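Have a look at the structure below, then the notes.
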Amino acid sequence: MIPTIRFIQAISVSEQVAQVFPLLNRSEVVLTRMELSDVEADFIELYFTGQYLGRADMWRLGMSLEEKCVFVRQKVEFAGIKAEVKNIYIKGKRVCYWKYE
């Protein structure tokens, strides 16, 4: 029988992440190491409201999100462009989405 090893360490997450995934202060969590290829998004859908964006603006915003961790309902901003992540696709399948109200 393999003994269970418990590490007691603290991690910090942004307030926005804590609200999306109902995390409470000092709550226990389990962290699992994942292969990057299993969790790397191929596409994300961003929703914009009340803004005009040209192709160059969209391209620059997309490039600013490369190598970044994103989650559904995350508000992102780059050079005054504001958007919200609505869907995330990995290997061609929608894995995270927000049901529109």
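The values are calculated or read from the model by the stated rules, or taken from the named source; none is laboratory data. These numbers come from a predicted model, not from an experiment. A quick note on method: Cβ atoms are made from the backbone with ideal geometry, for glycine too, and the neighbour counts reach across all protein chains shown.
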| query | Does ASP38 count as in a helix (DSSP H, G or I) and over 24 Å from ILE90 (Cβ atoms)? | reply | no
| said: As an exercise: evaluate VAL76 against (1) over 11 Å from the mean Cα position of the chain (by Cα); (2) not in a loop (DSSP other than H, G, I, E, B) and give the number of the one condition it does not meet. | reply: (1)
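Under 17 Å from the mean Cα position of the chain (by Cα) and free of Cβ contacts under 8 Å to residues at least 40 places away in the same chain, is that true of GLU15? Lay out the reasoning, then the answer.
On the way: under 17 Å from the mean Cα position of the chain (by Cα): yes; free of Cβ contacts under 8 Å to residues at least 40 places away in the same chain: yes.
Spelling it out, GLU15 is indeed under 17 Å from the mean Cα position of the chain (by Cα) and free of Cβ contacts under 8 Å to residues at least 40 places away in the same chain.
Among the residues of the stretch 55-69, what is the count of those that are among the aliphatic types (A, V, I, L, M) and surrounded by 14 or more Cβ atoms within 10 Å (Cβ to Cβ)?
First, the residues of the stretch 55-69 that are among the aliphatic types (A, V, I, L, M): 56, 58, 61, 63, 65.
Still in the running and surrounded by 14 or more Cβ atoms within 10 Å (Cβ to Cβ): 58, 61, 65.
Selection size over the stretch 55-69: 3.
With respect to VAL70, determine if the residue is assigned to a loop (DSSP other than H, G, I, E, B) and under 24 Å from VAL13 (Cβ atoms). Even if it seems obvious, please write down each step before you answer.
Working: assigned to a loop (DSSP other than H, G, I, E, B): yes; under 24 Å from VAL13 (Cβ atoms): yes.
Yes; evaluated as a whole, the condition is true for this residue.
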| task | Among the numbered conditions (1) at negative phi; (2) out of contact with any helix residue (DSSP H, G or I) (no Cβ under 7 Å at 6 or more places or on another chain), tell me where LYS91 comes up short. | result | (1)
| Among all residue pairs at least 6 apart or on different chains, which show Cβ distances below 8 Å where the first residue, located in the stretch 21-47, is closer than 13 Å to CYS69 by Cα and the second is among the aromatic types (Phe, Trp, Tyr) and at pLDDT 85 or above? | ALA41/TYR89; ASP42/TYR89; PHE43/TYR89; ILE44/TYR89
| field | Test set (1) at pLDDT 85 or above; (2) within 15 Å of the chain's Cα centre (by Cα) - ASP38 fails condition number | value | (1)
| said: Between GLN9, GLN74, which is surrounded by fewer than 10 Cβ atoms within 10 Å (Cβ to Cβ) and either in contact with a strand residue (DSSP E or B) (Cβ under 8 Å, 6 or more places away or on another chain) or over 17 Å from VAL95 (Cβ atoms) (or both)? | reply: GLN9
